[in-house]
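Peer 1: Mind looking over this structure? Questions follow.
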Amino acid sequence: QEGLDIIILICMLLGISFTVWFTLLLVFIIVPAIFGVSFGIRRLYMKSLIKLFEWATLRMERGAKEKNHHYHQHHIFTIIITLRGGAEPEFDMSDIFYFCRRGVESIVDDEVTKRFTAEELESWNLLTRSNYNFHHISTRLTALWGVGVLIRYGFLLPLRVTLAFTGVGLLVVLTSIVGLFPNGRMKNYLSDKVHLMCYRICVRALTAIITYHDSENKPKNGGICVANHTSPIDVIILASDGCYAMVGQVHGGLMGVIQRAMVKACPHIWFERSEVKDRHLVAKRLSDHVADKSKLPILIFPEGTCINNTSVMMFKKGSFEIGCTVYPVAIKYDPRFGDAFWNSSKFGMVNYLLHMMSSWAIVCSVWYLPPMSRMEGEDAVQFANRVKAAIARKGGLADLLWDGGLKRGKVKEVFKEEQQKLYSKVLVGSSEDGSSS
């Protein structure tokens with residue numbers, strides 16, 4: 001009898017705990033997400049974290065000085081190699097120094113590969129993976145890090161996982177229900193509200209604190225929204241402030257279930273694997289969509305891969321050949337609270353999401369830039385570069401001409417040929433170095 005009473009008591013306590021937990025979720029997260037309001041708890045949390053990080057950084061610097069350690073060490077490599085100045089086109093053993101110089105310069109200051117690794121912070125944010133200069137400085141600081149681990153994995157992670165499942169589950173169920181309505185204003189209205197609510201719940205699952213600027217420039221129907229790409233959550237960041245038609249490849253598994261449910265409520269554009277490489281088919285589907293002013297703006301990330309939040313790399317020209325209005329958007333994450341960059345060659349999606357949900361928060365700023373159109377005499381590549389430069393300038397990012405596909409692919413032959421041409425000019429004495437000497 002006593003054992004049965006204990007079991008009943010445990011069940012009652014679990015029931016009460018679940019009821020309290022769900023009530024808190026409903027009152028403080030789900031309901032505010034439905035109406036698009038915030039109690040300011042996340043921003044207060046962010047300000048508290050900033051003060052904590054500042055104290056931890058000062059403590060590390062003080063401890064490093066006491067132990068005569070260098071908190072940061074920056075190595076500057078200076079390479080001085082002089083090319084021969086003669087104009088004779090004959091080979092000389094010293095010519096190999098040109099290749100040595102260019103090779104070492106590429107290793108020391110590589111503009112491409114360093115865009116696909118997480119940037120190291122100037123200060124420590126109590127995440128071991130965020131600063132490789134971390135050493136044991138003091139017992140107090142290590143204890144604080146341990147408390148942070150307990151908070152992030154013991155409280156924040158379960159809360160965020162619950163919210164993520166809630167948001168995705170509601171998205172699948174509610175979009176499937178909305179899909180049963182006949183096409184018209186009511187269906188479009190319900191679809192917009194469902195998508196916004198579910199994406200806002202998912203944003204809260206990341207404790208994302210987003211600041212939107214220049215909302216008067218938000219994308220409108222019949223256009224294409226293009227943005228720099230750092231993470232898969234870029235979609236959630238933008239879609240929690242406005243509705244978009246997504247473009248992507250058809251997937252299987254859970255992602256496939258979500259895609260099929262979403263397309264019932266809203267005309268998203270999903271391509272079969274065999275269709276992705278057919279540029280003409282892709283362009284026609286996109287053109288047909290933007291020609292219908294009743295359909296939502298298309299959201300596209302022209303880089304085609306994730307970059308580490310420090311630069312914007314080459315935009316693929318496909319989305320700029322359609323001839324419609326383009327709405328540029330710049331996204332910039334604050335790495336002090338958590339690194340949003342997804343290195344897909346190093347981490348799988350599940351591992352990456354675990355990193356996101358076990359970080360302190362995801363803090364970012366979004367700038368809506370004025371709409372841009374293709375100018376007379378401007379080709380698609382020039383238009384893409386103009387849009388890219390505007391996004392980089394607004395987001396404080398480096399504007400690079402390199403193709404992000406170099407992360408996995410080999411260097412194109414045309415780039416090799418350019419270096420060969422430069423070397424041939426050195427041989428014939430027509431380079432600047434040769435002429436100046």
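The values are calculated or read from the model by the stated rules, or taken from the named source; none is laboratory data. Keep in mind that this is a model prediction, so the values were computed, not measured. Here the Cβ is made from the backbone with ideal geometry for all residues, glycine too, and neighbour counts use every protein chain on show. With ligands, DNA and RNA removed, areas are computed over all heavy atoms of the protein, side chains included. Shrake-Rupley method; radii C 1.70, N 1.55, O 1.52, S 1.80 Å.
Peer 1: Please specify each residue of the stretch 138-160 satisfying the condition of being assigned to a helix (DSSP H, G or I), in contact (Cβ under 8 Å) with a residue 24 or more places away in the chain and surrounded by fewer than 15 Cβ atoms within 10 Å (Cβ to Cβ).
Peer 2: Answer for the stretch 138-160, where residues must be assigned to a helix (DSSP H, G or I), in contact (Cβ under 8 Å) with a residue 24 or more places away in the chain and surrounded by fewer than 15 Cβ atoms within 10 Å (Cβ to Cβ): R140, Y153.
Peer 1: Just the residues that are open to solvent by less than 40 Å² (accessible area, probe 1.4 Å), more than 20 Å from K193 (Cβ to Cβ) and β-branched (V, I, T), please, taken from the stretch 224-258.
Peer 2: Scanning the stretch 224-258 gives I224, V226, T230, I233.
Peer 1: Still on this structure: Within the stretch 168-212, which residues are under 20 Å from F22 (Cβ atoms) and over 20 Å from the mean Cα position of the chain (by Cα)?
Peer 2: Of everything in the stretch 168-212, those that are under 20 Å from F22 (Cβ atoms) and over 20 Å from the mean Cα position of the chain (by Cα) turn out to be G169, L170, L171, V172, V173, L174, M197.
Peer 1: Only one residue in R59, R42 is in contact with a Lys or Arg (Cβ under 9 Å, 6 or more places away or on another chain), modelled with pLDDT of 65 or more and within 25 Å of F165 (Cβ to Cβ). Which one? Spell out the reasoning first.
Peer 2: Values: R59 fails: within 25 Å of F165 (Cβ to Cβ).
The match here is R42.
Peer 1: Okay, next question. Scan the stretch 288-325 residue by residue and report those that are of a type outside the set (A, V, I, L, M), assigned to a loop (DSSP other than H, G, I, E, B) and open to solvent by less than 20 Å² (accessible area, probe 1.4 Å). Talk me through it step by step, then tell me what you get.
Peer 2: Our first condition is that a residue be of a type outside the set (A, V, I, L, M); within the stretch 288-325, this holds for 288-289, 292-295, 297, 301-306, 308-311, 315-321, 323-325.
Then drop every residue that is not assigned to a loop (DSSP other than H, G, I, E, B), which leaves 292-295, 297, 301-306, 308-310, 315-317, 321, 323-325.
Those that are of a type outside the set (A, V, I, L, M), assigned to a loop (DSSP other than H, G, I, E, B) and open to solvent by less than 20 Å² (accessible area, probe 1.4 Å): P297, P302, E303, T305, C306, N308, N309, F315.
Peer 1: Going by the conditions given, is G348 of a type in the set (G, A, S), on the phi > 0 side of the Ramachandran plot and surrounded by fewer than 22 Cβ atoms within 10 Å (Cβ to Cβ)? If you could, list the steps in order and put the result at the bottom.
Peer 2: Working: of a type in the set (G, A, S): yes; on the phi > 0 side of the Ramachandran plot: no; surrounded by fewer than 22 Cβ atoms within 10 Å (Cβ to Cβ): yes.
In short, no.
Peer 1: Follow-up question, since we're still on this one. Testing A283 on (1) under 28 Å from Y352 (Cα atoms); (2) assigned to a helix (DSSP H, G or I), one condition comes back false. Which one is that?
Peer 2: Checking A283 against (1) under 28 Å from Y352 (Cα atoms); (2) assigned to a helix (DSSP H, G or I), the one that fails is (1).
Peer 1: Go through the stretch 144-193 and count every residue that is among the acidic types (D, E) and more than 23 Å from Q259 (Cβ to Cβ).
Peer 2: Of the residues in that region, 0 qualify.
Peer 1: Provide a single number: the residues in the stretch 365-402 that are among the β-branched types (V, I, T) and open to solvent by 50 Å² or more (accessible area, probe 1.4 Å).
Peer 2: Here is the first cut: in the stretch 365-402, the residues among the β-branched types (V, I, T) are 366, 381, 387, 391.
Checking which are open to solvent by 50 Å² or more (accessible area, probe 1.4 Å) leaves us with 381.
Matching residues across the stretch 365-402 total 1.
Peer 1: For A205, which of the numbered conditions (1) surrounded by fewer than 19 Cβ atoms within 10 Å (Cβ to Cβ); (2) within 24 Å of A33 (Cα to Cα); (3) touching a Lys or Arg at 6+ places or on another chain (Cβ under 6 Å) fails to hold?
Peer 2: It fails just one condition, (1).
Conditions tested, residue by residue: (1) under 22 Å from Y368 (Cα atoms); (2) part of a helix (DSSP H, G or I).
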residue: L190; (1), (2): no, yes
residue: K193; (1), (2): yes, yes
residue: I209; (1), (2): yes, no
residue: E216; (1), (2): yes, yes
residue: V226; (1), (2): yes, no
residue: I237; (1), (2): yes, yes
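Peer 1: May I ask you to list pairs of residues, at least six apart or on different chains, whose Cβ atoms are under 6 Å apart, with the first in the stretch 297-323 being acidic (D, E) and the second being open to solvent by 10 Å² or more (accessible area, probe 1.4 Å) and part of a loop (DSSP other than H, G, I, E, B)?
Peer 2: Close Cβ pairs (under 6 Å, with a partner that is open to solvent by 10 Å² or more (accessible area, probe 1.4 Å) and part of a loop (DSSP other than H, G, I, E, B)) amount to E303/H229.
Peer 1: Okay, next question. Within the stretch 273-287, can one find any residue that is surrounded by fewer than 16 Cβ atoms within 10 Å (Cβ to Cβ) and modelled with pLDDT of 85 or more?
Peer 2: For the stretch 273-287, residues surrounded by fewer than 16 Cβ atoms within 10 Å (Cβ to Cβ) and modelled with pLDDT of 85 or more: present.
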